[in-house]
Amino acid sequence: MRIYSDLFGKTVALHSLLEAWDKFKAGKRHRPDVQLFERNLEDNLFILHEDLIQKRYRHSPYSSFYIQDPKVRLIHKSTVRDRIVHHAVFKTLNAIFEPTFIFDSYSCREGKGAHRAVQRLKFFADRIYRMHQKCFVLKCDIEKFFHSIDHEILLSMISKRIKDTDLINLIQELIHSFSAETAARQERERERERAVAQSATSLRNSSPISISTNWISL
(Lines give C-alpha, C1' and ligand atoms only; values in the text may rest on other atoms or scores of the structure.)
Protein backbone atom coordinates (compact mmCIF):
# COMPACT_ATOMS: atom_id res chain seq x y z
CA MET A 1 0.00 0.00 0.00
CA ARG A 2 1.50 3.28 -1.10
CA ILE A 3 1.82 6.02 1.54
CA TYR A 4 1.53 9.69 0.56
CA SER A 5 3.14 12.71 2.21
CA ASP A 6 3.96 16.38 1.46
CA LEU A 7 0.52 16.97 -0.04
CA PHE A 8 -0.70 19.99 1.91
CA GLY A 9 1.33 22.64 0.07
CA LYS A 10 0.21 21.36 -3.34
CA THR A 11 -3.41 21.11 -2.22
CA VAL A 12 -3.70 24.71 -0.97
CA ALA A 13 -1.40 26.35 -3.54
CA LEU A 14 -2.89 29.33 -5.35
CA HIS A 15 -3.00 27.52 -8.67
CA SER A 16 -4.84 24.62 -6.97
CA LEU A 17 -7.40 27.00 -5.46
CA LEU A 18 -7.89 28.69 -8.84
CA GLU A 19 -8.42 25.29 -10.48
CA ALA A 20 -10.85 24.38 -7.70
CA TRP A 21 -12.73 27.63 -8.33
CA ASP A 22 -12.98 26.83 -12.05
CA LYS A 23 -14.37 23.38 -11.25
CA PHE A 24 -16.81 24.69 -8.68
CA LYS A 25 -18.24 27.61 -10.68
CA ALA A 26 -19.23 25.50 -13.69
CA GLY A 27 -22.98 25.94 -14.13
CA LYS A 28 -23.27 28.17 -11.05
CA ARG A 29 -22.15 31.61 -12.22
CA HIS A 30 -25.71 32.97 -12.21
CA ARG A 31 -26.06 32.40 -8.47
CA PRO A 32 -25.81 35.53 -6.28
CA ASP A 33 -23.26 34.09 -3.81
CA VAL A 34 -21.00 32.95 -6.66
CA GLN A 35 -21.25 36.33 -8.40
CA LEU A 36 -20.44 38.10 -5.13
CA PHE A 37 -17.33 35.97 -4.60
CA GLU A 38 -16.21 36.44 -8.21
CA ARG A 39 -16.53 40.22 -7.94
CA ASN A 40 -13.36 40.22 -5.82
CA LEU A 41 -12.03 36.87 -6.96
CA GLU A 42 -8.31 37.61 -6.74
CA ASP A 43 -8.51 39.09 -3.23
CA ASN A 44 -10.82 36.32 -2.01
CA LEU A 45 -8.50 33.57 -3.28
CA PHE A 46 -5.40 35.26 -1.84
CA ILE A 47 -7.09 35.62 1.57
CA LEU A 48 -8.26 31.99 1.47
CA HIS A 49 -4.77 30.82 0.49
CA GLU A 50 -3.19 32.82 3.30
CA ASP A 51 -5.69 31.50 5.86
CA LEU A 52 -4.94 27.94 4.78
CA ILE A 53 -1.16 28.36 4.83
CA GLN A 54 -1.24 30.08 8.23
CA LYS A 55 -3.64 27.41 9.63
CA ARG A 56 -6.30 30.05 10.31
CA TYR A 57 -8.95 28.52 8.06
CA ARG A 58 -12.16 27.47 9.76
CA HIS A 59 -15.18 26.03 7.97
CA SER A 60 -18.24 28.30 8.07
CA PRO A 61 -21.67 27.11 9.27
CA TYR A 62 -24.00 25.51 6.73
CA SER A 63 -27.24 27.02 5.52
CA SER A 64 -30.16 24.63 5.06
CA PHE A 65 -33.19 24.50 2.78
CA TYR A 66 -35.62 22.01 1.27
CA ILE A 67 -35.85 20.86 -2.34
CA GLN A 68 -38.34 18.59 -4.15
CA ASP A 69 -36.25 15.93 -5.95
CA PRO A 70 -38.86 14.35 -6.38
CA LYS A 71 -39.31 13.72 -2.67
CA VAL A 72 -38.62 16.47 -0.16
CA ARG A 73 -34.94 16.63 0.81
CA LEU A 74 -33.20 18.83 3.36
CA ILE A 75 -30.05 20.29 1.79
CA HIS A 76 -27.12 21.67 3.79
CA LYS A 77 -25.16 24.22 1.77
CA SER A 78 -21.67 25.48 2.52
CA THR A 79 -20.29 28.86 1.47
CA VAL A 80 -18.49 29.48 -1.83
CA ARG A 81 -15.20 29.86 0.01
CA ASP A 82 -15.63 26.50 1.72
CA ARG A 83 -16.69 24.73 -1.46
CA ILE A 84 -13.47 25.85 -3.15
CA VAL A 85 -11.56 24.15 -0.33
CA HIS A 86 -13.77 21.07 -0.78
CA HIS A 87 -12.83 20.85 -4.46
CA ALA A 88 -9.11 21.36 -3.77
CA VAL A 89 -9.05 18.61 -1.13
CA PHE A 90 -11.22 16.34 -3.28
CA LYS A 91 -8.70 16.53 -6.14
CA THR A 92 -5.92 15.34 -3.83
CA LEU A 93 -7.96 12.57 -2.20
CA ASN A 94 -9.56 11.41 -5.45
CA ALA A 95 -6.19 10.74 -7.06
CA ILE A 96 -5.31 8.46 -4.12
CA PHE A 97 -8.56 6.64 -3.42
CA GLU A 98 -10.37 6.48 -6.78
CA PRO A 99 -8.23 3.55 -8.02
CA THR A 100 -9.25 1.55 -4.92
CA PHE A 101 -13.02 1.80 -5.51
CA ILE A 102 -14.99 -1.08 -7.01
CA PHE A 103 -15.80 -0.67 -10.70
CA ASP A 104 -19.57 -0.82 -10.28
CA SER A 105 -19.96 2.26 -8.11
CA TYR A 106 -21.40 5.10 -10.16
CA SER A 107 -22.45 7.96 -7.90
CA CYS A 108 -20.33 11.14 -7.72
CA ARG A 109 -17.46 9.72 -9.75
CA GLU A 110 -15.85 11.16 -12.87
CA GLY A 111 -16.63 9.11 -15.96
CA LYS A 112 -19.53 7.33 -14.22
CA GLY A 113 -23.02 8.69 -13.47
CA ALA A 114 -26.63 7.58 -13.75
CA HIS A 115 -26.67 6.79 -17.49
CA ARG A 116 -23.68 4.45 -17.28
CA ALA A 117 -25.19 2.84 -14.17
CA VAL A 118 -28.40 2.10 -16.07
CA GLN A 119 -26.43 0.66 -19.00
CA ARG A 120 -24.45 -1.57 -16.64
CA LEU A 121 -27.62 -2.72 -14.87
CA LYS A 122 -29.19 -3.60 -18.21
CA PHE A 123 -26.07 -5.56 -19.17
CA PHE A 124 -26.21 -7.69 -16.01
CA ALA A 125 -30.02 -8.08 -16.07
CA ASP A 126 -29.96 -9.28 -19.70
CA ARG A 127 -27.14 -11.74 -18.97
CA ILE A 128 -28.83 -13.17 -15.89
CA TYR A 129 -32.17 -13.46 -17.70
CA ARG A 130 -30.58 -15.36 -20.58
CA MET A 131 -29.01 -17.79 -18.13
CA HIS A 132 -31.95 -18.31 -15.73
CA GLN A 133 -35.03 -16.97 -17.56
CA LYS A 134 -35.67 -14.61 -14.65
CA CYS A 135 -33.88 -11.87 -12.83
CA PHE A 136 -34.42 -10.32 -9.41
CA VAL A 137 -33.27 -6.83 -8.45
CA LEU A 138 -33.00 -5.46 -4.92
CA LYS A 139 -33.72 -1.75 -4.79
CA CYS A 140 -32.88 -0.18 -1.45
CA ASP A 141 -31.57 2.98 0.15
CA ILE A 142 -29.71 3.62 3.40
CA GLU A 143 -31.59 6.29 5.30
CA LYS A 144 -29.40 9.31 6.15
CA PHE A 145 -26.29 7.41 5.08
CA PHE A 146 -23.86 10.34 5.11
CA HIS A 147 -25.24 11.56 8.43
CA SER A 148 -24.43 8.20 9.99
CA ILE A 149 -20.80 7.84 8.87
CA ASP A 150 -18.46 7.57 11.86
CA HIS A 151 -16.02 10.47 11.48
CA GLU A 152 -13.24 8.83 13.46
CA ILE A 153 -13.34 5.64 11.39
CA LEU A 154 -13.32 7.70 8.20
CA LEU A 155 -10.33 9.75 9.38
CA SER A 156 -8.45 6.61 10.42
CA MET A 157 -8.94 5.13 6.93
CA ILE A 158 -7.65 8.30 5.29
CA SER A 159 -4.72 8.54 7.71
CA LYS A 160 -3.51 5.05 6.74
CA ARG A 161 -2.69 6.35 3.25
CA ILE A 162 -1.81 9.97 4.01
CA LYS A 163 1.05 10.87 6.37
CA ASP A 164 0.79 14.64 6.20
CA THR A 165 -0.29 16.23 9.48
CA ASP A 166 -1.31 19.56 7.96
CA LEU A 167 -3.50 17.95 5.32
CA ILE A 168 -5.05 15.55 7.84
CA ASN A 169 -5.86 18.51 10.10
CA LEU A 170 -7.53 20.28 7.18
CA ILE A 171 -9.52 17.16 6.26
CA GLN A 172 -10.54 16.82 9.90
CA GLU A 173 -11.78 20.44 9.87
CA LEU A 174 -13.93 19.67 6.82
CA ILE A 175 -15.30 16.38 8.13
CA HIS A 176 -16.12 17.74 11.58
CA SER A 177 -17.80 20.82 10.08
CA PHE A 178 -20.93 18.69 9.70
CA SER A 179 -22.33 16.37 12.33
CA ALA A 180 -25.45 14.24 12.59
CA GLU A 181 -26.44 16.15 15.73
CA THR A 182 -26.20 19.50 13.95
CA ALA A 183 -28.13 18.15 10.97
CA ALA A 184 -30.88 16.77 13.22
CA ARG A 185 -31.19 20.08 15.06
CA GLN A 186 -31.36 22.04 11.81
CA GLU A 187 -33.94 19.64 10.42
CA ARG A 188 -36.13 20.09 13.49
CA GLU A 189 -35.83 23.86 13.19
CA ARG A 190 -36.70 23.77 9.49
CA GLU A 191 -39.68 21.47 10.18
CA ARG A 192 -40.98 23.96 12.75
CA GLU A 193 -40.53 26.79 10.24
CA ARG A 194 -42.42 24.83 7.58
CA ALA A 195 -45.22 24.02 10.02
CA VAL A 196 -45.57 27.70 10.97
CA ALA A 197 -45.53 28.75 7.30
CA GLN A 198 -48.16 26.14 6.38
CA SER A 199 -50.37 27.27 9.27
CA ALA A 200 -50.06 30.88 8.17
CA THR A 201 -50.92 29.95 4.58
CA SER A 202 -53.94 27.94 5.71
CA LEU A 203 -55.11 30.87 7.82
CA ARG A 204 -54.76 33.32 4.92
CA ASN A 205 -56.67 30.98 2.61
CA SER A 206 -59.53 30.49 5.09
CA SER A 207 -62.70 32.57 4.62
CA PRO A 208 -63.97 34.74 7.49
CA ILE A 209 -66.92 32.37 7.92
CA SER A 210 -64.74 29.28 8.23
CA ILE A 211 -62.41 31.06 10.65
CA SER A 212 -65.39 32.10 12.79
CA THR A 213 -66.73 28.56 12.70
CA ASN A 214 -63.37 27.21 13.84
CA TRP A 215 -63.26 29.68 16.71
CA ILE A 216 -66.81 28.76 17.75
CA SER A 217 -66.01 25.04 17.61
CA LEU A 218 -62.97 25.64 19.79
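Things worth noting here:
Every residue, every condition in (1) open to solvent by 50 Å² or more (accessible area, probe 1.4 Å); (2) more than 18 Å from the chain's Cα centre (by Cα), yes or no:
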site: L36; (1), (2): yes, yes
site: K55; (1), (2): yes, yes
site: H59; (1), (2): no, no
site: D69; (1), (2): yes, no
site: K77; (1), (2): yes, no
site: D82; (1), (2): no, no
site: A88; (1), (2): no, no
site: T92; (1), (2): no, no
site: C108; (1), (2): yes, no
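- Scan of region 1-60 for residues that are of a type in the set (V, I, T) and closer than 23 Å to T165 by Cβ, ordered by number: I3, T11, V12, I53
- Of the helices (runs of 4 or more DSSP H) lying entirely inside region 8-81, those carrying at least 1 residues that are closer than 30 Å to S159 by Cβ are 8-11, 14-25, 41-53.
- Scope region 97-106; condition open to solvent by 80 Å² or more (accessible area, probe 1.4 Å) and part of a loop (DSSP other than H, G, I, E, B); matching residues: F101, I102, F103
- Flag for N94 being touching a residue at least 24 places away in the same chain (Cβ under 8 Å) and outside any loop (DSSP other than H, G, I, E, B): no
- Residues considered: R83, R2, R56. Of these, the only one that is out of contact with any helix residue (DSSP H, G or I) (no Cβ under 7 Å at 6 or more places or on another chain) and in contact (Cβ under 8 Å) with a residue 24 or more places away in the chain is R2.
The values are calculated or read from the model by the stated rules, or taken from the named source; none is laboratory data. What you are looking at is a predicted structure, and each value in this text was computed from that prediction instead of being measured. Don't worry about glycine lacking a Cβ; one is built from the backbone with ideal geometry, like all the others, and counts go over all protein chains shown. Side chains are part of the model used for accessible areas, which takes the heavy atoms of the whole protein and leaves out ligands, DNA and RNA. Shrake-Rupley method; radii C 1.70, N 1.55, O 1.52, S 1.80 Å.
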